[in-house]
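Accompanying notes for the structure given below.
The values are calculated or read from the model by the stated rules, or taken from the named source; none is laboratory data. In this text the structure is predicted, and so the values were computed from the model without any measurement. Backbone-built Cβ (ideal geometry, glycine too); neighbour counts: all protein chains shown.
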Amino acid sequence: SLVRLSVDKLSALFPIHMITVVVGANSEAVTQAVSDLPVNIVVNEHWQQGLASSLKAGLNSAEPDCRAAMITLCDQVLITDEHLRLLLDQWLADPSEIMASAYTGTIGTPAIIPAEFYPDVLALEGDAGAKSILKNNAGRVRTLPIPEAEFDLDVPADLEKLRTL
């Protein structure tokens, strides 16, 4: 499953018990895909309210001393553990700043958001992702070019496109 692939990539960087998987629609099937792993599963009961509710659910489950959250989306299938490692290494050089991926004239996920910005994430509503936080804090955002982040699997046609890449 896409979730399992994402967890595998993240587990190359972090102890598996530090990985949080937020599930919403089809939560039972998604949870089953990683049930043999000691990841933190968070069920977003409000998934119909949009992406912001998943971000909030994940952050609300974070340990109080969590310094930052790496936000990844499982449908960005071309992202590798090496991309994530580079993003983490760049962030560690200045952990007070947001570290985001740059692709096709935009910035977005995967991204690392320091705890200082959690209140901004928790204030998001609807289908708003963290992009507005990146734009509103542009002076505090560093980017890493990851053109592979542009491609995501949203519809069956995307799977066909992936097969041709």
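Looking only at the range 118-132, which residues are buried (at least 18 other Cβ atoms within 10 Å of the Cβ) and under 15 Å from the mean Cα position of the chain (by Cα)?
If the condition is that a residue be buried (at least 18 other Cβ atoms within 10 Å of the Cβ) and under 15 Å from the mean Cα position of the chain (by Cα), then Tyr118, Val121, Gly129, Ala130 are the ones that fit.
Give the number of residues within the range 13-38 that are hydrophobic (A, V, I, L, M, F, W, C) and over 15 Å from the mean Cα position of the chain (by Cα).
Qualifying residue count, the range 13-38: 7.
If you check Val43 against the conditions, is it farther than 15 Å from Ala149 by Cα, crowded, with 17+ Cβ neighbours inside 10 Å, modelled with pLDDT of 90 or more and in contact with a helix residue (DSSP H, G or I) (Cβ under 6 Å, 6 or more places away or on another chain)?
When the stated conditions are applied, Val43 does not pass them.
Has the range 16-32 got any residue that is surrounded by fewer than 19 Cβ atoms within 10 Å (Cβ to Cβ), assigned to a loop (DSSP other than H, G, I, E, B) and in contact (Cβ under 8 Å) with a residue 24 or more places away in the chain?
No: zero hits.
For (1) in contact with a strand residue (DSSP E or B) (Cβ under 9 Å, 6 or more places away or on another chain); (2) closer than 18 Å to Ile146 by Cα; (3) β-branched (Val, Ile, Thr), each residue gets a yes or a no:
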residue: Ala69; (1), (2), (3): yes, no, no
residue: Val77; (1), (2), (3): no, yes, yes
residue: Ile98; (1), (2), (3): yes, yes, yes
residue: Thr109; (1), (2), (3): yes, yes, yes
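Over 15 Å from the mean Cα position of the chain (by Cα), at pLDDT 95 or above and surrounded by fewer than 12 Cβ atoms within 10 Å (Cβ to Cβ), is that true of Gly105?
So Gly105 does not fit the description; no.
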